[in-house]
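Worksheet: one structure, shown below.
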Amino acid sequence: MHYCRVAVKYPGKEGILTYKVGEHVVKRGDLVKVPLGRRKVEGCVVASQLSEDDVREEIAGFQIKEVEEVLPEVMSLTDSELSLYEWMAKYYHYNLGMVIFESLPEIMKRPKKIDLKNGVGKTLPHDLGELQAPIYKDIAARLDRGFDRFYIHGVTGSGKTLVYLNLIRDTLARGKSVLFLLPEINLTPQFTETFLDYVDCPILSYHSGISNSEKFIAWKFLKESPNPVIIMGVRSSVFLPAQNLGLVIVDEEHDSSFKQSDRCPYNGRDVAIKKAQLANCPVIMGSATPSVENYFSFTHNKNLQDHYFTMKERIAGNFPQIELLDARFGGKKLSVDELSLWPFEQRSIDLIKSALDSGEQVLVFVNRLGFANYVQCRACGHKFEDPNTGVALRYFKNKGILSSAHSDFEIPMPEICPSCGNMNLLQKGFGTERLQEVLEQVFPDKRIDRFDRDEIKTLNALTEKLDAFHRGDIDVFVGTQMLSKGHNFKKVNLVLVLGVDSMMNFPDFRAIERTYQTITQILGRAGRYSEEAKVVIQTLVPENKLFSTIKEHSFNGFYEDEISIREFSGFPPFSKLAVIHFNGRFRDKLIEHSVSVANGIKEFCAKNSFKVDVLGPAPASIERRSGQFTWTILLRAEDVAHLHTTLNFFEKNYNRISGISFKIDVDPYHTL
Ligand SMILES: [Zn+2]
């Protein structure tokens, strides 16, 4: 009698169960269907060929069931694929069967046929520049030496892509495949297009915008074809079964979109590094604004110092000049004219006017959607809130609704206050819609369009909008961060940035880092093709030191300030973090429970002399969602091993209470 262990697709503590193999033939990595209680679930074999002796302890006292079905072998995982999932399950403290099946495409019996895009393999348009060439040479010489980490820190416009492209071509020439990760689906079309010209292999784009058929076919194609291919996609493409992987590239490594927030909260960048290690190939990370943690490790770790490369100049154009505009009223009463321009300063409007008059286009950034951030009754102070979360509703004027950013809740914009009947409803704050409306009033003969999630919902819509802008059919783009990443515009010499203050004030230890990264990305949109570009930042705190480092285009200036704050406050890279979220319907019971868990963890750490700070429990930043409350415990440790041992202790000894669930987030992006 043979046995096997199966990671079952079923959430719960016991993720790996033992089954009899029966008449089937199974090996590690095979996908199977197995009975679980009264149901039948999918699973992945993690150990096979086990004898009675091997499993005696784990089967004692149980009636062991038999594997029912082995799924088509084309979907079986290789040892290195399964090892990646096993690493994730361990590192992120997540159920192995769940992480496997959440990543696999749906198995389709009759997938639609899809043509793969194949590159045409032209010669590169120009040679590498003075700054690019030595970096390329250095990395190229180490492409065959197995796993290694490299970092290319190149300012926006320094030509990282051409360095990547040369290294990709070298890798393909060796008959090996390349995994190229990008933070956002928006960026895939332009990279795919460029790469198709200069490589002679298929390029697989993989992101949420493609159908299940396409996902399944991509998967199957990779399983069956040993030929070199480029996989280009967002974080989930890290799971694609590339054979013979020769190079992994993670572009815009710092971007928070690499972190998944629902289900298994993994960071695609970090999983990609692990994947490269398992495939024994190099990984290159790149960014104009390295994450503080990566910059720290590449400049402090002696083994990595000659793996970090920097390009501080643009290949063409110049850095934009930066002007800070003080947006404080200073107590003065605004004139009717000034009020009609709000939230724009008069100076901003003047600059836009002169840019438009000379036939240029203008970009305006704000990090918020809609018309107003919230609506409040002027008479009684009533605020319109999402009953599910208690968070203020945002006003969308075009749709005439108040809508929640955190649930599906929306209502028509009321005409009178439901609590006092007054008609005077104040609209507070601003988003893209408001800026568009103000500009349309000031420049009635110009075409002002929006570029945000509200306006653009598909990849096609995105491409069309960008094309229209490139053609000159749009004079001013008002956009969110969506516009700040990667896109370049020839006729843009003026960029305005509004609303940065709310980003800086976000209650999180990475708030300043994120603001710095966002503004730097935005600066990257200006002056690619000219010597006289200008970026205007409206802020309530122009004296903040962050702005002087931004003005000087000094990453080091920002970094030195930030790293000393991190060291002082004990946040990453000086510690490792994990958050445990507790969810429950009854607030008092939830708080009591989280307090007792926190105490248990503290005791455990004290007993083992672990230096782990147990902070909280504290309410999550949005404490209530759809009737569920969330409280969190933050664990912080200098020694990552202590952190994981503590989490293991917690999981192993956790006494489940009915009505309360928990979720662990290792390396969280948000600590609340
Ligand atoms: Zn009222």
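The values are calculated or read from the model by the stated rules, or taken from the named source; none is laboratory data. From a predicted model like this one, the values you see are computed outputs, not experimental measurements. Virtual Cβ from ideal backbone geometry, glycine too; neighbours counted across all protein chains shown.
Which fully enclosed helices (runs of 4 or more DSSP H) of segment 277-388 have 2 or more residues being acidic (Asp, Glu)? First the steps, then the outcome.
Working: elements: 292-300, 336-341, 346-357.
It comes to 336-341, 346-357.
The rows are residues; the columns are (1) in contact (Cβ under 8 Å) with a residue 40 or more places away in the chain; (2) surrounded by 13 or more Cβ atoms within 10 Å (Cβ to Cβ); (3) among the aliphatic types (A, V, I, L, M).
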position: THR549; (1), (2), (3): no, yes, no
position: HIS553; (1), (2), (3): yes, yes, no
position: GLU562; (1), (2), (3): yes, yes, no
position: SER569; (1), (2), (3): yes, no, no
position: ILE580; (1), (2), (3): yes, yes, yes
position: LEU590; (1), (2), (3): yes, yes, yes
position: HIS593; (1), (2), (3): yes, yes, no
position: VAL597; (1), (2), (3): yes, yes, yes
position: ILE601; (1), (2), (3): yes, yes, yes
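Do you know which residues across segment 19-45 are over 31 Å from the mean Cα position of the chain (by Cα) and crowded, with 22+ Cβ neighbours inside 10 Å?
Passing the criteria: TYR19, VAL32, VAL34.
Against the definition (of a type outside the set (S, T, N, Q), free of Cβ contacts under 8 Å to residues at least 24 places away in the same chain and not in a loop (DSSP other than H, G, I, E, B)), how does LYS109 come out, yes or no?
Working: of a type outside the set (S, T, N, Q): yes; free of Cβ contacts under 8 Å to residues at least 24 places away in the same chain: yes; not in a loop (DSSP other than H, G, I, E, B): no.
No: the conditions fail for LYS109.
Table: residues versus (1) at pLDDT 95 or above; (2) more than 27 Å from the chain's Cα centre (by Cα).
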position: PRO111; (1), (2): no, yes
position: LEU116; (1), (2): no, no
position: LEU128; (1), (2): no, yes
position: LEU172; (1), (2): yes, yes
position: PHE180; (1), (2): yes, no
position: ASN186; (1), (2): no, no
position: PRO189; (1), (2): no, no
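For segment 375-393, name all the residues that are within 16 Å of the ligand (Cβ to nearest atom) and closer than 15 Å to PRO412 by Cα.
As a first pass, look at segment 375-393 and keep what is within 16 Å of the ligand (Cβ to nearest atom): 375-385, 392-393.
Residues satisfying the conditions are VAL375, GLN376, LYS383, PHE384, GLU385, ALA392, LEU393.
Among the numbered criteria (1) loosely packed, with under 15 Cβ neighbours inside 10 Å; (2) part of a loop (DSSP other than H, G, I, E, B); (3) hydrophobic (A, V, I, L, M, F, W, C), which one does ALA133 miss?
ALA133 satisfies every listed condition except (2).
Quick check on my filter: what residues within segment 394-433 are within 15 Å of the ligand (Cβ to nearest atom), more than 28 Å from THR539 (Cβ to Cβ), surrounded by 13 or more Cβ atoms within 10 Å (Cβ to Cβ) and of a type in the set (S, T, N, Q)?
Across segment 394-433, the qualifying residue is only ASN422.
So, of the residues in segment 455-476 that are at pLDDT below 95 and in contact with a strand residue (DSSP E or B) (Cβ under 7 Å, 6 or more places away or on another chain), which turns out to be surrounded by the fewest Cβ atoms within 10 Å (Cβ to Cβ)?
Only one residue fits best here, namely LYS465.
Using the structure shown, decide if GLN436 is closer than 20 Å to ARG368 by Cα, within 16 Å of the ligand (Cβ to nearest atom) and either of a type outside the set (D, E, K, R) or touching a residue at least 60 places away in the same chain (Cβ under 8 Å) (or both). Spell out the reasoning first.
Values: closer than 20 Å to ARG368 by Cα: yes; within 16 Å of the ligand (Cβ to nearest atom): no; either of a type outside the set (D, E, K, R) or touching a residue at least 60 places away in the same chain (Cβ under 8 Å) (or both): yes.
When the stated conditions are applied, GLN436 does not pass them.
Here's the yes/no breakdown for (1) within 16 Å of the ligand (Cβ to nearest atom); (2) in contact (Cβ under 8 Å) with a residue 60 or more places away in the chain; (3) assigned by TED's automatic domain parsing to the domain that holds LEU351; (4) among the small types (Gly, Ala, Ser):
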{"residue": "PHE443", "(1), (2), (3), (4)": "no, yes, yes, no"}
{"residue": "LYS446", "(1), (2), (3), (4)": "no, yes, yes, no"}
{"residue": "LYS457", "(1), (2), (3), (4)": "no, no, yes, no"}
{"residue": "ALA461", "(1), (2), (3), (4)": "no, no, yes, yes"}
{"residue": "LYS465", "(1), (2), (3), (4)": "no, no, yes, no"}
{"residue": "HIS487", "(1), (2), (3), (4)": "no, yes, yes, no"}
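Going through VAL178, VAL163, VAL155, VAL199 one at a time, which residue ends up being buried (at least 20 other Cβ atoms within 10 Å of the Cβ), out of contact with any Cys (no Cβ under 8 Å at 6 or more places or on another chain), within 22 Å of THR463 (Cβ to Cβ) and among the aliphatic types (A, V, I, L, M)? Steps first, answer last, please.
On the way: VAL178 fails: within 22 Å of THR463 (Cβ to Cβ); VAL163 fails: within 22 Å of THR463 (Cβ to Cβ); VAL155 fails: within 22 Å of THR463 (Cβ to Cβ).
Of the residues listed, the single one that is buried (at least 20 other Cβ atoms within 10 Å of the Cβ), out of contact with any Cys (no Cβ under 8 Å at 6 or more places or on another chain), within 22 Å of THR463 (Cβ to Cβ) and among the aliphatic types (A, V, I, L, M) is VAL199.
Which one of these is in contact (Cβ under 8 Å) with a residue 40 or more places away in the chain and within 20 Å of ILE352 (Cα to Cα): PHE451, PHE477? Break it down into steps so the answer makes sense when it comes.
Details: PHE451 fails: in contact (Cβ under 8 Å) with a residue 40 or more places away in the chain.
Only one candidate qualifies: PHE477.
Which of the helices (runs of 4 or more DSSP H) found entirely inside segment 484-560 contain at least 2 residues meeting this: under 25 Å from GLY370 (Cβ atoms)?
Numbers: elements: 500-504, 511-523, 545-551.
Passing ranges, in order: 500-504, 511-523.
From (1) outside any helix (DSSP H, G or I); (2) touching a Pro at 6+ places or on another chain (Cβ under 6 Å); (3) surrounded by 21 or more Cβ atoms within 10 Å (Cβ to Cβ), pick out the condition that doesn't hold for GLN243.
So GLN243 meets the others, but not (3).
Just give me the residues in segment 1-17 being crowded, with 19+ Cβ neighbours inside 10 Å and more than 15 Å from ARG39 (Cβ to Cβ), in sequence order.
So the first thing to find is which residues in segment 1-17 are crowded, with 19+ Cβ neighbours inside 10 Å, and the list is 3-10, 15, 17.
Across segment 1-17, the qualifying residues are TYR3, CYS4, ARG5, ALA7, GLY15.
Need the failing condition index for TYR529 against (1) surrounded by fewer than 19 Cβ atoms within 10 Å (Cβ to Cβ); (2) among the aromatic types (Phe, Trp, Tyr); (3) farther than 20 Å from LYS551 by Cα, just the number.
So the condition that TYR529 fails would be (3).
Could you say whether any residue in segment 349-358 is in contact (Cβ under 8 Å) with a residue 60 or more places away in the chain, under 19 Å from LEU496 (Cα atoms), more than 16 Å from the ligand (Cβ to nearest atom) and among the acidic types (Asp, Glu)?
Within segment 349-358, the first condition is being in contact (Cβ under 8 Å) with a residue 60 or more places away in the chain, and the residues that meet it are 349, 351-353, 355-356.
Next, only the ones that are under 19 Å from LEU496 (Cα atoms) stay: 349, 351-353, 355-356.
Next, only the ones that are more than 16 Å from the ligand (Cβ to nearest atom) stay: 349, 351-353, 355-356.
Still in the running and among the acidic types (Asp, Glu): none.
Within segment 349-358, none of the residues are in contact (Cβ under 8 Å) with a residue 60 or more places away in the chain, under 19 Å from LEU496 (Cα atoms), more than 16 Å from the ligand (Cβ to nearest atom) and among the acidic types (Asp, Glu).
If you check PHE547, PHE555, PHE506, PHE568, which single one turns out to be aromatic (Phe, Trp, Tyr), within 21 Å of the chain's Cα centre (by Cα) and more than 30 Å from ASN653 (Cβ to Cβ)? Explain how you work it out, then say what you get.
Working: PHE547 fails: within 21 Å of the chain's Cα centre (by Cα); PHE555 fails: within 21 Å of the chain's Cα centre (by Cα); PHE568 fails: within 21 Å of the chain's Cα centre (by Cα).
Just one listed residue meets the conditions, PHE506.
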